[in-house]
Amino acid sequence: MFGFVLRRVALIVPTFVGVTLLAFALIHLIPGDPVENLSGERGMDPERRARLLHEFGLDRPLAVQYASYVGQVLRGDLGSSLTTHESVAREFATLFPATVELAFFALLFAVVVGLPAGILAAVKRNTAADYTVMGLSLTGYSMPIFWWALLLILFFSVQLGWTPVSGRIAVQYDVPMTTGFMLIDTLRAGDMAAFRSALSHLILPTIALGTIPLAVIARMTRSSMLEVLREDYVRAARAKGLPRWRVIVVHALRNALIPVITVVGLQVGLLLSGAILTETIFSWPGVGNWLIHGVQSRDYPVVQGGILLIAAIVITVNLIVDMLYGVINPRIRHA
Amino acid sequence: MRNRTADETQFMAEGDIASLDGGAAAIAHAEEPSPPSRMREFWRAYAQNRGALIGLCLVALLILLALGADFIAPDPPNEQYRTFTLAPPAWHADGTSRFLLGTDPVGRDILSRLIHGTRLSLLIGTISVAISLTLGAILGLVAGYFRGIVDTTIMRLMDVMLALPSLLLAIAVVAILGPGLVNAMYAIAIVLLPHYVRLARAAVIAEARREYVTSSRIAGAGALRLMFATILPNCAAPLIVQATLGFSNAILDAAALGFLGLGAQPPTPEWGSMLASALEFIQRAPWVVTFPGLAILITVLAFNLTGDGLRDALDPKLRRS
């Protein structure tokens with residue numbers, strides 16, 4: 001097991017290096033250098049330009065610049081935002097819990113609804129229930145989530161007035177942020193009204209972001225279940241006279257879950273992609289929203305740092321999923 | 001397609017040795033004699049799937065709309081009828097039959113803009129999938145054929161690209177190239193690339209050991225001929241399926257980029273940017289937001305249905321279930 005873990009960790013090192021190269025290249029491929037951007041429309045005399053280039057270290061060879069960039073990254077220094085002049089790493093750290101909170105509930109929603117839906121479709125194969133689940137999940141899978149989010153707002157917030165339109169919590173609540181997770185912080189403050197407000201703000205973004213993973217999980221569960229239900233041991237369990245639900249839940253589901261767990265883990269990348277759109281629409285103060293603002297205002301340190309950090313998180317999570325998979329399924333470990 | 005019978009393989013190998021006219025011609029040749037031709041067989045498997053048929057019909061309809069947009073659309077896409085701003089759809093109490101799906105905030109006919117948007121979306125899909133498929137097939141073939149350091153370099157690079165969430169990678173590319181429709185296409189082509197490379201590489205590695213490749217090699221075929229003429233046509237099936245599904249990804253991502261203001265710029269009638277520019281009117285005139293989104297959904301659904309159908313029909317292993 002230890003060897004397996006070591007091999008997997010060694011495999012992601014080149015990927016990390018590649019991501020830093022990409023982030024580094026991002027700044028250097030943008031037309032015009034940072035000094036030019038600083039000078040704006042009026043231009044700058046060559047002497048001052050040369051001095052600034054030297055000051056930023058931009059006149060050094062690219063390899064040296066890259067090495068010093070990696071050095072900075074390893075020290076946790078990702079530069080500072082051009083608009084707020086705050087440290088990029090610190091801004092990311094403050095906003096990240098909001099994204100995690102949203103992504104966590106979206107994934108929870110996707111699993112809690114998608115798993116039973118997939119099982120139902122597999123067990124009731126070729127019935128109306130199966131067609132409904134598969135039809136809905138294909139629709140969910142094809143959904144432009146920014147539009148889906150708008151429809152949800154239009155119906156639940158505007159027409160029915162059930163949920164708030166945007167933000168994480170109503171403005172009148174002032175909760176001390178200790179963990180950064182709104183639900184936990186409001187509970188710790190013992191403010192139930194604030195907790196309810198935070199919860200109601202979470203509902204629509206959760207549904208919007210969770211829809212695509214839900215569709216993926218439902219489809220995957222169905223096909224995995226169908227495969228397992230054909231196995232001899234399932235037939236044997238049935239022949240033994242075990243009740244149907246017991247065969248499905250204990251014998252089939254446990255084995256069908258292995259590929260599903262991988263798929264759930266792989267949703268993290270998808271969730272972060274979706275979070276960019278969902279956060280923009282619901283004005284959710286997370287890293288997706290922040291990154292889009294960075295791109296729109298040409299705040300390159302934010303874009304560079306944001307991409308680097310998000311990629312690092314996705315790689316790490318995928319690695320963990322990979323290892324968990326090895327724990328559940330010994331065949332993978334020794335491959 | 002990959003579950004070829006032994007006879008066929010041998011037949012093709014002979015064809016290769018005899019005429020050296022390449023794998024593609026040999027396959028075309030092999031198809032004719034066996035009574036239910038492979039095309040027929042494929043179509044029978046495809047037509048069994050009702051969803052796939054619906055998808056194919058929708059795709060055909062969309063292509064028709066895109067090609068004939070100038071004749072079908074009742075109005076030019078950017079014509080502003082200032083007296084009819086935010087007119088509701090025809091079936092609405094205040095609607096007018098002049099504008100079937102209503103008008104947008106500056107009085108442009110939404111139906112006409114949507115029809116012209118079909119052209120843009122299909123164009124974005126075609127171009128980005130074409131770039132991505134070509135480049136991906138070449139890189140995958142090269143990686144799978146030569147292996148070693150070339151393979152490692154290409155695949156590690158693809159791993160990096162896969163590590164980034166797709167929309168994030170597209171945003172990064174657009175941040176470098178600058179916003180716009182053409183750059184969005186490049187961005188999407190780059191995002192789709194790793195999938196084709198991986199598929200092509202896996203297929204090449206599986207095919208390279210087959211007898212027909214060996215015999216072609218013995219007959220003196222060079223690396224280029226082996227890669228492109230002998231092997232490539234035989235690993236087309238997964239690439240075709242992925243290309244169809246790539247269309248739906250391309251259209252979704254293009255719309256998302258347009259929505260974020262990083263793709264097509266107004267007044268281009270691109271669905272995503274149409275949606276974004278009408279956002280502030282969402283409460284007063286929901287139709288300006290509803291219809292472009294519906295157009296995206298239907299188009300993506302059509303390509304997903306077709307792609308799923310193709311996969312089931314081309315992959316006999318999945319056909320059973």
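List every residue pair whose Cβ atoms lie under 6 Å apart, where the two residues are 6 or more positions apart in sequence or sit on different chains, the first residue falls within segment B:245-263 and is at the interface with chain A (Cβ under 10 Å from one of its Cβ atoms) and aromatic (Phe, Trp, Tyr), and the second residue, located anywhere, is buried (at least 24 other Cβ atoms within 10 Å of the Cβ) and assigned to a helix (DSSP H, G or I).
These pairs meet every condition: B:Phe259/A:Phe146; B:Phe259/B:Gly272; B:Phe259/B:Leu275.
Check A:Ile276, A:Ile281 and return the single one that is within 14 Å of another protein chain (Cβ to nearest Cβ), buried (at least 23 other Cβ atoms within 10 Å of the Cβ), out of contact with any Gly (no Cβ under 9 Å at 6 or more places or on another chain) and β-branched (Val, Ile, Thr).
A:Ile281
Have a look at A:Met182, A:Met177 and point out the one that is touching an Asp or Glu at 6+ places or on another chain (Cβ under 8 Å) and in contact (Cβ under 8 Å) with a residue 60 or more places away in the chain.
Result of the check over A:Met182, A:Met177: A:Met182.
Can you tell me which residues in segment B:125-154 are under 30 Å from B:Ile298 (Cα atoms) and within 14 Å of chain A (Cβ to nearest Cβ)?
Within segment B:125-154, B:Gly125 is the sole residue that qualifies.
What pairs come out if I take residues in segment B:155-179 that are facing chain A (nearest Cβ under 7 Å) and pair them with residues that are surrounded by fewer than 23 Cβ atoms within 10 Å (Cβ to Cβ) and outside any helix (DSSP H, G or I) whose C-beta lies under 9 Å away, six or more apart or interchain?
B:Ala175/A:Ile30; B:Ala175/A:Arg298; B:Ile176/A:Ile30; B:Ile176/A:Pro31
Filter segment A:131-179 for residues that are of a type in the set (Phe, Trp, Tyr) and under 20 Å from the mean Cα position of the chain (by Cα); which is farthest from B:Trp271 (Cα to Cα)? Step through it out loud before you land on a result.
To start, the set of residues in segment A:131-179 that are of a type in the set (Phe, Trp, Tyr) comprises A:131, A:141, A:146-148, A:155-156, A:162, A:173.
Then drop every residue that is not under 20 Å from the mean Cα position of the chain (by Cα), which leaves A:141, A:146-148.
Values: A:Tyr141: 18, A:Phe146: 12, A:Trp147: 11, A:Trp148: 14 Å.
Checking each candidate, the answer is A:Tyr141.
Identify, from the list A:Gln304, A:Gln267, the residue that is in contact (Cβ under 8 Å) with a residue 40 or more places away in the chain, more than 28 Å from A:Tyr141 (Cα to Cα), part of a helix (DSSP H, G or I) and among the polar types (S, T, N, Q).
None of the other options fit; the residue is A:Gln304.
Can you work out which of the residues in segment B:119-159 that are within 13 Å of the chain's Cα centre (by Cα) and surrounded by 20 or more Cβ atoms within 10 Å (Cβ to Cβ) is nearest to B:Ile190 (Cα to Cα)?
For segment B:119-159, the residue satisfying everything is B:Ser132.
Please go through (1) among the acidic types (Asp, Glu); (2) touching a helix residue (DSSP H, G or I) at 6+ places or on another chain (Cβ under 9 Å); (3) more than 14 Å from chain B (Cβ to nearest Cβ) for A:Glu231 and return the number of the only condition it doesn't satisfy.
So the condition that A:Glu231 fails would be (3).
Among (1) surrounded by fewer than 20 Cβ atoms within 10 Å (Cβ to Cβ); (2) farther than 22 Å from A:Thr280 by Cβ; (3) modelled with pLDDT under 85, which single condition is B:Ile240 missing?
(3)
I need the full set of residues from segment B:177-207 which are crowded, with 19+ Cβ neighbours inside 10 Å and small (Gly, Ala, Ser), in order please.
B:Ala184, B:Ala187, B:Ala189, B:Ala200, B:Ala203, listed by residue number.
Need the failing condition index for B:Phe71 against (1) surrounded by fewer than 17 Cβ atoms within 10 Å (Cβ to Cβ); (2) in contact with a helix residue (DSSP H, G or I) (Cβ under 9 Å, 6 or more places away or on another chain); (3) at pLDDT 80 or above, just the number.
B:Phe71 satisfies every listed condition except (2).
Using the structure shown, decide if B:Leu226 is within 30 Å of B:Leu260 (Cα to Cα) and touching a residue at least 40 places away in the same chain (Cβ under 8 Å).
Details: within 30 Å of B:Leu260 (Cα to Cα): no; touching a residue at least 40 places away in the same chain (Cβ under 8 Å): yes.
Spelling it out, it is not the case that B:Leu226 is within 30 Å of B:Leu260 (Cα to Cα) and touching a residue at least 40 places away in the same chain (Cβ under 8 Å).
The values are calculated or read from the model by the stated rules, or taken from the named source; none is laboratory data. Treat the numbers as computed from the prediction; the structure is a model and nothing was measured. Here the Cβ is made from the backbone with ideal geometry for all residues, glycine too, and neighbour counts use every protein chain on show.
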